[in-house]
Amino acid sequence: MSKNKLPIVAIVGRANVGKSTLFNNVLRRRETIVAQEAGTTRDSIMAKASVFVEASSLQDKPKSISRTDKHRGSSEKVRQDFWLVDTAGVKDAEDDFEFTIQDQIVQAADSADVIWVVIDATTITTEEDRRVAKTALKSKKPVILVVNKMDKAAKKGIDDFRNLGIKNIILISAAQNIGIDDLLEDLVDHIPTARLNESPDKLHIAILGRPNVGKSHLFNSLAKKQQAIVADRAGTTRDINRSTVKYQGREIELLDTAGIRRNGKIEVGIEKFSVLRSLSAIEQADVCLLLMDVNELNVGLDQKIAGLIKEAGKGLILVISKWDSIDQEKTPYTRDQLAGQIRYTFDFIPWAPLVITSSVTGQNVTKLFELATEIDQRRNKKYTTSELNRWLRKTVSMHPPAGLKNRSPKLNYIVHEDDNPIPSFKVFGSHTKFLHWSYKRYMDRKFREEYELDGTPIKFWFIEKHETHKHGTRPKDN
């Protein structure tokens, strides 16, 4: 089960203050459109980002280091991942679509663990700035005021921006890469490192999917199937409802991501809300149930959510809902044909089991508890170094790796990274950066043939054998 969740950092602010430039700078690659016109970013965009931190004592929180130091070879550097969310700019809601954007910013603040409020140092503080700051502070989350474009407002200092009521202020220039390291160092001090007051054996199951696919019905059905309901409580964010039940003596917390509000027929905004709210639940979960309406399959958003679950390294079950609504005499496909269609659409996660359910009849509802428990057990399996290296020798001898640029990678040995909540394995060798992607896929397939790992992604980290990595240090991801 997950030992912690990746924190979510939301970038909020009025239009044209440089949020997208900051987003791209932190990621060190272009993920969003950056333009001079206000309001270019119309939807939330998210990506996984990293900051390198120095390992400290177990009692102390890690301290951040400059990103420029990360290549110096120190074994004391650990990579801290987090989700970075770029939101649309705040402006008056002149129509339903603009209202959707503003609501989206509120949702981002609700779902985030840390909020960066970005303002423009070259302009006076506006009413929109004050509105954003007030909304962020209401969330009771750590809030950092990021004052951008300081290279063009050199005469201003921190005291010029205290009127917004945010105590923690960082001065930057995202375009000139000034102050970004300071911002990331400050972020590490506010990133939550683990769940608090949680039973170490509790299993967290998130129910995900588009609006009206039956998430709330399944949530209620799962809770009613178990007579021993431990607790029901409102979520810390407005989009997640929780219920803790017991299955075979083990506590299971159900996370329901229903409650997505519709604003007329603005489907684009609704879909973006779905993804953003789903992300928070994904990071809190050990196993995710992705619901899809049997009457409305092959929707791109379902694939996007599945991709987020895979990227987060969580367990996954594909769930077809509303099977009772199918007219068995008129339906154009059988269950096997339906399964084939789903497998084709989700060919990037062939390891995810498929379950057909009906919350009305209760079909296969309890099976979801059984499957989720099995997946969690597989994710926590321990592997000895000797058995892993027997597998590696056999796999390489059957099909030696070919490389790129006339380099032949050599894979020497493998160890289990047992402090990682996702089944992860360090593979040491030479010329590993030239290993072709198809060979990595081959290794994934052969590993799953050897070990039963249905329902969970696995990760191989390829490391040059001359590199030194102490236990607990995140290797370079090839």
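Overview of results
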item: Distance violations [Cα-Cα > 18 Å] among 310/440; 314/459; 48/215; 246/381; 410/440; 426/446; result: 48/215; 246/381
item: Ranked list, fewest to most other Cβ atoms within 10 Å of each Cβ, for 361, 135; result: 361, 135
item: Two-site FRET efficiency, residue 175 against residue 311, from Cβ-Cβ distance with R₀ of 25 Å, rounded to 0.05; result: 0.30
item: Neighbour-count ranking [beta-carbon atoms within 10 angstrom, fewest first] of 290, 392, 137, 255; result: 137, 392, 255, 290
item: 11 Å cut-off, amide nitrogen to a point 7 angstrom out along residue 465 Cα→Cβ, residues in the range 387-431; result: 410-414, 428-431
item: Neighbour-count order for 384, 126, 244, fewest beta carbons within 10 angstrom listed first; result: 384, 126, 244
item: Residue 160-residue 212 pseudo-label distance in nm [points 7 Å out on the Cα-to-Cβ vector]; result: 5.1 nm
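Read the figures in this text as sums done on the coordinates, not as results from a lab. For clarity, every value in this text was computed on a predicted model and none was experimentally measured. Here the Cβ is made from the backbone with ideal geometry for all residues, glycine too, and neighbour counts use every protein chain on show.
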